[in-house]
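**Q** Quick one: structure below, then a few questions.
The values are calculated or read from the model by the stated rules, or taken from the named source; none is laboratory data. Because the structure is a prediction, the values reported are computed rather than measured. Here the Cβ positions follow ideal geometry from the backbone for every residue, glycine too, while neighbour counts run over all protein chains shown.
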Amino acid sequence: MKNTLSKSDRLTNPVAISQIYDKGKHLNYFPFKIVWLKEDGGAGLKVVFSVPKRKFKRAVDRNQIKRKLRETYRKHKHEVQKAVENKNTRVSLFLVYLGKDIPPSEIVDDKINVLLKRLTKEITDK
């Protein structure tokens, strides 16, 4: 599998994003939160990244954090993708940063990896 994050892997529909947040299940590992929604019909994994404007007023800071989130997700998404394909379901993810400071890349990498492993376990168990 390639370590890519193409446009087709991203969730852009505002209605779908609000559905995830309303009906989805939560996984927390501070300072990150994954809200995910499992749906029937075709295998696929879509993701959206969010950093609150309330905590980071400068767009430069928000973009820097989102860049780190995307990079980590891109490297560690393969286990989740395999689980989704094996279950033949569609999973949408909403990955949110909850902290107050810009995190170092190592912390982002470790914690997102743990969250994605927990998500893989949740998907395969149900």
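**Q** So if I check each of ARG70, ARG90, which one is surrounded by 14 or more Cβ atoms within 10 Å (Cβ to Cβ), of a type outside the set (Asp, Glu) and touching an Asp or Glu at 6+ places or on another chain (Cβ under 7 Å)?
**A** ARG90
**Q** For a quick check of your reading of the model, give me the residue pairs whose first member lies in the range 79-100 and is on the phi > 0 side of the Ramachandran plot, whose second is surrounded by fewer than 21 Cβ atoms within 10 Å (Cβ to Cβ), with beta-carbon atoms closer than 6 Å and at least 6 apart or on different chains.
**A** ASN88/ALA43
**Q** Give the range 37-58 a look and list any residue that's farther than 16 Å from LYS25 by Cα, in contact with a strand residue (DSSP E or B) (Cβ under 8 Å, 6 or more places away or on another chain) and part of a loop (DSSP other than H, G, I, E, B), or say none.
**A** GLY41, GLY42, ALA43, VAL51, PRO52
**Q** Taking the range 19-36 only, how many residues are within 13 Å of PHE49 (Cα to Cα) and assigned to a helix (DSSP H, G or I)?
**A** Total meeting the criteria: 2.
**Q** Give the range 15-67 a look and list any residue that's more than 21 Å from ILE102 (Cβ to Cβ), touching a Phe, Trp or Tyr at 6+ places or on another chain (Cβ under 9 Å), touching a residue at least 12 places away in the same chain (Cβ under 8 Å) and not β-branched (Val, Ile, Thr), or say none.
**A** Across the range 15-67, the qualifying residues are TYR21, GLY24, LYS25, LEU27, TRP36, LEU37.
**Q** Residues that are under 16 Å from the mean Cα position of the chain (by Cα) and of a type in the set (Val, Ile, Thr): does the range 13-20 have at least one?
**A** Yes, some residue in the range 13-20 is under 16 Å from the mean Cα position of the chain (by Cα) and of a type in the set (Val, Ile, Thr).
**Q** Then there's this: Restrict the check to the range 85-99 and report whether at least one residue is modelled with pLDDT of 95 or more and part of a helix (DSSP H, G or I).
**A** no
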